[in-house]
Structures are given as structure tokens and as C-alpha cells.
Amino acid sequence: MDFLSLFVFLIPIYVANSSPVLLGGKSYPLDFYKNFIDGRRLLGDGKTIKGFVGGIVCGALAGALIADFYLLPFFPDKKAQVFGGMALAFGTLLGDALGSFVKRRFGVPNGRPFFPDTIMFLAVAMLLVYPFALPSLYGIWNLLFVFLLTIILHPLTNFIANKMGLKNVPW
Ligand code: CTP
Ligand code: MG
């Protein structure tokens, strides 16, 4: 297994997932304050337009930057890798919002821990990069590596972000 390539592959996803926290601040919510039929918020105040757009832009830029000096073995060429990076960034924020949608349906309040938070963004990113990636990306050991690493790193980075004062809660 090519650990280095897998780790580099994950960078656009991790950048896309963490940049909304850094962009932070008050911004208009992605769900326009709308409620679902269950009377609860569609997504909640934790998902903002600024975070959504900013996360996609930062993740896609990270992917393009990487493609400039490192062609990953999971893509046929540089162009596919750049578009793949965009798909990964968009998938990450889409999965993140989808996770919040599910979370709200279960009645879990905004900002509380919820296991799917840890991998939902990665799962959707992996789905959306499919048209750009080589089939070898989806090897069982690669999938195990990216999901296990994320399950470990996600809580860890949230804890560190909280200690650094970037995040209000340690999850
Ligand atoms: N964030 C944002 N826009 C997004 C995603 C995240 O502005 N699309 C910012 C918000 O300030 C959010 C913080 O990043 O509070 C942390 O993100 P996350 O943990 O995903 O959101 P939660 O606040 O935990 O909300 P939820 O319960 O819906 O996951
Ligand atoms: Mg959260």
C-alpha cells in the first residue's frame, strides 16, 4: 500500500473539511433558516454559505496545487487529478451538509458529537471522485486506510482545534 500517496490524496478532503472552521465567524446559514417537515432545522446554524463555498474553494485549490508537483497513482493524468480535487472538495462539503441533515433528523443538536460526522464527508467525497479516479483507488486496503485514518484523525484534529481556541467544542 502506498501510504504517502493515500495521505496526499486525502489532503484536499481534509483542507475542505477544516477550512470552514478557520473561516468561522457569523455567516448566513446554508439552509436559509428553513425547517424540515419534522419541524427541526434542515441543516442548522453550523453549516454556513461562507463555510460551504470557502471549504470547496480551499480544498480545490489544495488539490490543484498538489497536482502541480505530484501526480498521484489514483488518477490517469494531471487534468483528471485537478478535477478530481474539485470533486473531492465539493463532495466533502456536500457530505458534511448531508451529515448535518441526518443529525438534525435524529434530533442531535448543533455542534454535538455524532459518529457519522467522522466519515460522512469522506464517503461522499470518495463517491464523487469516482468519474475522475482510476479503479485502483477503490481497492479494499486503500479504503480501509483512508476510513480508519480519518476515524482517528477527525476527533484528534477537533480536539487540537479546540485547545487552540479555533473551535468551541472538542469534537
Ligand atoms: N462551518 C461552516 N460552514 C460549513 C461547515 C462548517 O461555517 N458548511 C463552521 C461552523 O462555524 C461550524 C464549524 O465550522 O460550527 C464546525 O463545523 P462542524 O463541526 O461540521 O459543524 P457543527 O457546528 O458541529 O454543526 P453540526 O452539528 O451540524 O455538524
Ligand atoms: Mg461538529
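The values are calculated or read from the model by the stated rules, or taken from the named source; none is laboratory data. What you see is a predicted model, and the numbers here were worked out from it, not measured in a lab. Backbone-built Cβ (ideal geometry, glycine too); neighbour counts: all protein chains shown. These area figures cover heavy atoms from the full protein model, side chains too; ligands, DNA and RNA do not enter into them. Shrake-Rupley method; radii C 1.70, N 1.55, O 1.52, S 1.80 Å.
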Between TYR70 and VAL21, take the C-beta separation as r, use R0 = 30 Å, and let me know the FRET efficiency to the nearest 0.05.
0.70
Rounded to the nearest 0.05, what FRET efficiency is calculated for PHE32 and LEU153 with R0 set to 41 Å and r the Cβ-Cβ distance?
0.80
Using each residue's phi in the stretch 76-89, evaluate 6.51 cos²θ - 1.76 cosθ + 1.60 at θ = phi - 60° and report the 3J(HN,Hα) Karplus result to the nearest Hz, with x for Gly and Pro.
x, 7, 4, 4, 4, 5, 5, 5, x, x, 5, 4, 5, 5
Inverse of mean 1/r across different Cα pairs in the stretch 59-139, Kirkwood, Å:
13.4 Å
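Sorted by accessible area with a 1.4 angstrom probe, largest first, how do MET126, MET1, MET164 fall? Numbers along the way, then the final one.
Details: MET126 10, MET1 110, MET164 135 Å².
If we order MET126, MET1, MET164 from most to least accessible, we get MET164, MET1, MET126.
How much length would be gained if the chain were fully extended between VAL53 and ALA123, taking 0.36 nm per residue of separation minus their Cα-Cα distance, in nm to one decimal?
Details: separation 70, 0.36 × 70 = 25.20 nm, distance 1.93 nm.
Roughly 23.3 nm would be gained on extension.
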If the chain between LEU166 and LEU143 were fully stretched, how many nm would it gain, using 0.36 nm times the residue separation less the Cα-Cα distance?
5.3 nm
Principal axis dimensions, largest first and in whole angstrom, of the stretch 1-78 by Cα:
47, 25, 19
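In the chain, what percent of the accessible surface is made up of carbon and sulfur (1.4 Å probe, ligands and nucleic acids excluded)? Numbers along the way, then the final one.
Numbers: 6830 of 9300 Å².
Ligands and nucleic acids excluded, carbon and sulfur reach 73 percent.
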For the chain, please report how many Lys pairs fall under 26 Å Cα to Cα, leaving out neighbours fewer than 8 apart on the same chain.
18
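Quote the relative contact order of the chain in percent (integer), defining contacts as alpha-carbon pairs under 8 Å separated by 6+ residues. Walk me through the numbers before you get to the answer.
Values: 253 pairs, mean separation 39.5, N = 171.
Averaging sequence separation for qualifying contacts and normalising by length gives 23 percent for the chain.
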Using modelled backbone amide H atoms (1.01 Å from N, in-plane), which distant-in-sequence or interchain residues come within less than 5 Å of ARG41's amide H?
PHE36
Going by accessible area, probe 1.4 Å, with all protein chains left in place, what is the ranking of TRP171, TRP141, largest first?
TRP141, TRP171
Under a plain spin-label model, where a point goes 7 Å from the Cα along Cα-to-Cβ, how far apart in nm are PHE3 and LYS79?
3.6 nm
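So if the hydrodynamic radius of the chain is defined as the Kirkwood radius over C-alpha pairs, what does Stokes-Einstein give as its diffusion coefficient at 20 °C and 1.002 mPa s, in µm² per second? Intermediate results must be reported in sequence, preceding the final value.
Numbers: Rh = 16.4 Å.
Answer from the Stokes-Einstein relation: 131 µm²/s.
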Nearest 10 degrees is fine. How inclined is helix 49-69 to the longest principal axis of the chain, computing both from alpha carbons?
10 degrees
Determine the distance separating the Cα centre of the stretch 10-29 from the Cα centre of the stretch 71-126; give it in Å without decimals.
12 Å
